1. Note down the nm distance, to one decimal, between modelled labels 7 Å out along Cα→Cβ at Q237 and at A131.
2. If the elastic network links every pair of Cα atoms under 10 Å, which of H44, H145, H70 fluctuates the most in the Gaussian network model of the chain?
3. Given the alpha-carbon gyration tensor of region 161-204, what are the semi-axes of its equivalent ellipsoid in whole angstrom, ordered largest first, with each equal to the square root of 5 times an eigenvalue?
4. Order by neighbour count: R174, R244, R17, fewest other Cβ atoms within 10 Å first, most last.
5. Going by C-beta contacts inside 10 Å, put Y122, Y149 in order with the fewest on the left.
6. Using a simple spin-label model with points 7 Å from Cα along the Cα→Cβ vector, what separation in nm is obtained for D182 and V22?
7. Separation between the L226 and V52 pseudo-spin-labels, each 7 Å from Cα along Cα→Cβ, expressed in nm?
8. Mind putting together the pair-distance distribution for region 36-171? All Cα pairs, 5 Å bins, whole percent per bin, short to long.
Amino acid sequence: MAEAHATTPDGVPVGGRTAEGVEQEVRPAPGRAEIPLLDAVRSHERASAFIVACDEFLDAQGFTEHGFRHANLVGHIAFNVLTHLGRDPRIAELAAVAGYLHDIGNVISRADHGQTGALIAYDVLKELDVAPADMALIMSAIGNHEEQYGQSVSDVSAAVILADKSDVHRSRVRKGASIVMDIHDRVNYAVTQSFLRVDAEHHTLTLELEIDTAISQVLEYFEIFLERMIMCRRAAQTLGCQFRITVNGVPVL
Ligand SMILES: [Fe+2]
Ligand SMILES: [Fe+2]
């Protein structure tokens, strides 16, 4: 793993998946503690049931993994990005919750799941007595995470976009998927490691990918993820940073 980051030694990898597909262990940021609101949301029975159902429904439609693994990973990466950039811990906590809940709207339909998800989140957050201003930041981040119409409207929203779009990895490909027929499955399967690195000192956010080019060419990655990458660039700008990508240690953006 250490060699994979050899070309970008500065900054901290804030989240991603290892070659085995597990969430990467992240060095604790200064001041990082528990995330109580995230714990409360993770214990919310209806929210949990909906995330389980989302994953089932998306499986039925042929989409990659969207269950607790994706939810937790996006929540933690969003939290870590803001924490490592020195943002207020409360704001980082809201990003963790928005990241965790961002795909919950898929329980209704894939179409416009950002919009429906924001309203489902409203219900959950109301039950947990979250302050209206905090709800607004979470709801707007969820409602703006899709590349078709999303805009990074706040630091919370920017962190969720970056975290969500960074989660490309072979462990998201379902058993029985055809990597020959489906470009999304193929590209996800070809990504053996993915990390997002924050360099607060140089104001850069770098998505570090290890791609097995025997399975998918780098060009295929950009073919399907160009819109997402443009969205990440804007999100990074919202956070006062530049967005970069390295593939197999080589800077490509
Ligand atoms: Fe989504
Ligand atoms: Fe997502």
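1. Output for this residue pair reads 3.1 nm.
2. Most flexible of the set in this elastic network: H44.
3. Semi-axis lengths for region 161-204 are 28, 8, 8 Å.
4. Values: R174 14, R244 19, R17 23.
Final ranking by Cβ density, sparse to dense: R174, R244, R17.
5. Working: Y122 16, Y149 10.
Starting with the residue having the fewest Cβ neighbours, the order is Y149, Y122.
6. For the pair D182/V22, the computed spacing is 2.6 nm.
7. 4.2
8. Distribution as computed: 2, 12, 23, 27, 21, 10, 3, 1, 0 percent.
Rule-based calculations on the coordinates, nothing more; no lab input. Fair warning: this is a prediction, and the values are worked out from it, not measured in the lab. Cβ: placed from backbone, ideal geometry, glycine included. Neighbour counts: every protein chain shown.
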